[in-house]
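Colleague: I have a structure I would like to understand better, so I am pasting it below and will then ask my questions one at a time.
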Amino acid sequence: PGVLYLCATPIGNLEDITLRALRVLKEADCIAAEDTRHTRKLLSHYEIHTPLVSYHSHSSQSKADHLIQRLLQGENIALVADAGTPGISDPGAELVCQALQHDIAVVPVPGPVAAIAALTAAGLPTHKFVFEGFLSNQPKTRRKQLQALQGEQRTMVFYESPHRLADTLRDMLAIWGDRPCAVARELTKLHEEFKRGTLARLADYYRQNPPRGEITLIVGGLPPAEAAARQQETWAELSLAEHVA
Ligand code: SAM
């Protein structure tokens, strides 16, 4: 059989693609993309002419079967997401499972992930963290999810849509109490912005200034008692001044 390559692509800045990813995309027999129009822009920028097929969250099982058949016949397929690493909060994971069930080799071609880019620059502890992806868009379910995370001590990473951000921060504040947090918006793009502060201050800020664009939210875990007071003081003082790339 051929190989299923998981090719990371940029999360905004077209320069964030590895030399290896460009070679794999060029040499693959086909590229399976979440949104072929979106991926075509990247490919034309790098003058890559590999045929594209679509594979997204609403793709039928027959679409996945078709890709598996092609792999079994010896074709190499590069899977790409709209942004970042395929399989992280997008449909890639399902295809990976099916490929492994057919003894097809799955090879990662690593690169950008919004969660990691946001976490590393947030200023919160990175030695242990949890990736929570998207919370539910149902307010009741979301609050339950937040209650379940109340005792989490590791730094938490969430993907969030701009129109829900203020409500999510407000719910987090109500359920967890005030905590340090950072909002990373439009990472690697022209208007990249980090806001670092506390849940209370950022909830207030985003209620008054509704955000746009793509957002990754980083929130401190429940601190051990002795560190709590010190951490709260430091983060309460951080300015909300914009840190533009
Ligand atoms: N596979 C992607 C990855 O590796 O990061 C994530 C896909 S998920 C469907 C898309 C979400 O990731 C967005 O709604 C946003 O929360 C986050 N995201 C993607 N690009 C981003 C960026 N440039 N800045 C901040 N967050 C981003």
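Colleague: Taking the inverse of the average 1/r across all pairs of different Cα atoms in the chain, what Kirkwood radius in Å do you get?
Modeller: Values: mean 1/r = 0.0514 Å⁻¹.
After inverting the mean inverse Cα-Cα distance, the result is 19.5 Å.
Colleague: Would you kindly work out the equivalent ellipsoid of the stretch 1-134 from its C-alpha gyration tensor and give its semi-axes, the square roots of five times the eigenvalues, largest first in whole Å? Before the final figure, lay out each step's value.
Modeller: On the way: eigenvalues 125, 65, 34 Å².
Equivalent ellipsoid semi-axes, largest first: 25, 18, 13 Å.
Colleague: Still on this structure, I have one more. Skipping prolines and chain starts, which residues have an amide H placed within reach, meaning under 5 Å, of the one on Gly84, given they are 5 or more residues away or on another chain?
Modeller: Amide H neighbours of Gly84: Thr9, Ile11.
Colleague: What are the extents of the Cα atoms of the stretch 5-80 along their three principal axes, in Å, largest first?
Modeller: Principal extents (Cα only, largest first): 34, 26, 17 Å.
Colleague: Same structure, new question: Using all Cα-Cα distances in the stretch 14-55, what percent lands in each 5 angstrom bin from 0 up to the longest?
Modeller: Cα pair-distance distribution for the stretch 14-55, in percent: 5, 24, 36, 28, 7.
Colleague: Whose amide H sits under 5 Å from the amide H of Gly221, counting only residues 5 or more places off or on another chain, with H placed in the peptide plane?
Modeller: When sequence neighbours closer than 5 places are left aside, the close amide H contacts are Thr155, Met156.
Colleague: Of all the stretches in the chain, which is the longest one without any exposed loop site, taking GluC sites (Glu not before Pro) in a DSSP loop (any state but H, G, I, E, B) with at most 13 other Cβ atoms within 10 Å? Intermediate values should be presented prior to the final figure.
Modeller: Numbers: sites that count: Glu15, Glu47, Glu242.
The reported range is 48-241.
Colleague: Now for a different question. Just the number, please: Stokes-Einstein D of the stretch 96-147 in µm²/s, Kirkwood Rh from C-alpha pairs, 10 °C, 1.306 mPa s. Intermediate values should be presented prior to the final figure.
Modeller: Numbers: Rh = 14.6 Å.
Taking Rh from Cα pairs, D becomes 109 µm²/s.
Colleague: Another question, then. Report, by chain and number, residues whose modeled amide H sits under 5 Å from the one on Thr198, excluding near sequence neighbours (fewer than 5 apart, same chain).
Modeller: When sequence neighbours closer than 5 places are left aside, the close amide H contacts are Cys181.
Colleague: Hey, another quick one. For the chain, which longest stretch is free of loop sites, where a loop site is one of the trypsin sites (Lys or Arg not before Pro) that DSSP puts outside H, G, I, E and B and that has at most 11 other Cβ atoms within 10 Å? Write down the numbers at each step before the final one.
Modeller: Working: sites that count: Lys128, Arg212.
Counting at most 11 other Cβ atoms within 10 Å as exposed, the longest clean stretch of the chain is 1-127.
Colleague: Each residue of the stretch 38-49 in order: what ³J(HN,Hα) in whole Hz does its phi give by Karplus 6.51 cos²θ - 1.76 cosθ + 1.60, θ = phi - 60°, with x for Gly and Pro?
Modeller: Going residue by residue, I get 5, 5, 4, 4, 5, 5, 6, 4, 9, 6, 9, 10 Hz, with x marking Gly and Pro.
Colleague: Convert 37 °C to kelvin, take the viscosity as 0.692 mPa s, use the Kirkwood radius over C-alpha pairs of the stretch 95-204 as Rh, and evaluate the Stokes-Einstein diffusion coefficient in µm²/s, rounded to a whole number. Before the final figure, lay out the partial values.
Modeller: Working: Rh = 15.7 Å.
In µm²/s, the coefficient rounds to 209.
Colleague: How long are the semi-axes of the ellipsoid equivalent to the stretch 62-129, from square roots of 5 times the Cα gyration tensor eigenvalues, in whole Å, largest first?
Modeller: Numbers: eigenvalues 186, 24, 20 Å².
Semi-axes, largest first: 31, 11, 10 Å.
Bear in mind that the values in this text are calculations on the coordinates, not laboratory data. Note that this is a predicted model, so its numbers are computed, not measured. Please note: Cβ atoms are built from the backbone with ideal geometry, for glycine as well, and neighbour counts cover all protein chains shown.
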